[in-house]
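Below is one structure, written out as structure tokens, with a few remarks after it.
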Amino acid sequence: MTNKHITHLICDCDGVLLDSESIALTVLHRQLAGYLPRAVVQGNGQTELALHGAISERLGMMTNLLLDEINAQFSLGLLAPDYSAINLAVSRACSEEVTAVPGVIEVLAAIPLPKAVASNSSLLRIDAGLRRCGLLALFDGHIHSGHDMGTPKPAPDVYLAAAAGFQVAPQQCIAIDDSVTGVRSAVAAGIRVFGFTGVAHDRGQATARLLAAGAELVFDDMQQLPDLLAA
């Protein structure tokens, strides 16, 4: 039996439903490493490691905001055409290579709560990924994009929109998110949030960050979710 105070489930997309974070990390690192000054790359291999870590810490942000911060931190000199090319590369790879998080289809199908998606990805990318992985029908049209709303996470708007789409109070919902950005968004919306690290690059580090951001608890196996909701 599900906790009587919780009537609706809201899921982030990338890293919770779709195992796309590792794909995005690989593509972003490959694309951005090419903008590091050649002398820096040749003289200090630590710079590429720092770049990889900086990208990893920001997964879950809207790609342009991530690029803004990485551009400033590493003085990459990215221009508008570079942003467009990198966005296209990430979107294409995530659409063509993405798989479902292990166990998520069976687990969600067995949870008797209305379900929504609240993501920083575009509606087009969310739809393509969910359709490819056989998850689209589980959400019955309740898909919300902070990217397309213009107010991405960590702003609370996309989670508030998901609750409003159900015509319920945020306090009746529980969110599942894998990023610090997403956890902060749910907390700001007044929604309880569980952190998920099942496909995280570094689960230990991710757990500490999600708890610090306000996650009620953190789990790493999607099969645990039904019991956690019932607890």
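The values are calculated or read from the model by the stated rules, or taken from the named source; none is laboratory data. Note that the structure is a prediction, hence the values are computed from the model and not measured. Using ideal geometry, Cβ is built from the backbone for each residue, glycine included, and neighbour counts are taken over all protein chains shown. Accessible surface is based on the protein model in full, side chains and every heavy atom, while ligands, DNA and RNA are left aside. Shrake-Rupley method; radii C 1.70, N 1.55, O 1.52, S 1.80 Å.
Once the other residues with Cβ under 12 Å from the Cβ of ARG192 are scored (Lys, Arg +1; Asp, Glu -1), what is the net sum? Numbers along the way, then the final one.
On the way: positive: none; negative: ASP177, GLU216.
It works out to a net charge of -2.
Treating r as the C-beta distance of THR47 and ASP220 and R0 as 30 Å, the FRET efficiency rounds to 0.45. Tilt of helix 80-97 relative to the longest C-alpha principal axis of the chain, in degrees (0 to 90, nearest 10)? Around 50 degrees separate the two axes.
At a 1.4 Å probe, what is the % contribution of carbon and sulfur to the accessible area of segment 58-117?
On the way: 1600 of 2770 Å².
So the carbon and sulfur contribution to the accessible surface is 58 percent.
What's the local net charge at VAL180, with K and R +1, D and E -1, over the other residues with C-beta under 10 Å away?
On the way: positive: ARG58, LYS153, ARG184, ARG209; negative: GLU57, ASP177, ASP178.
For residues surrounding VAL180, the net value is +1.
Over the chain, dividing the summed -39,500 (n - 2.57) contributions of all DSSP H runs of at least 4 residues by the number of residues returns a 222 nm mean residue ellipticity of -15000 deg cm²/dmol. For the chain, the longest principal axis of the alpha carbon atoms and the long axis of helix 21-33 meet at an angle near 20°.
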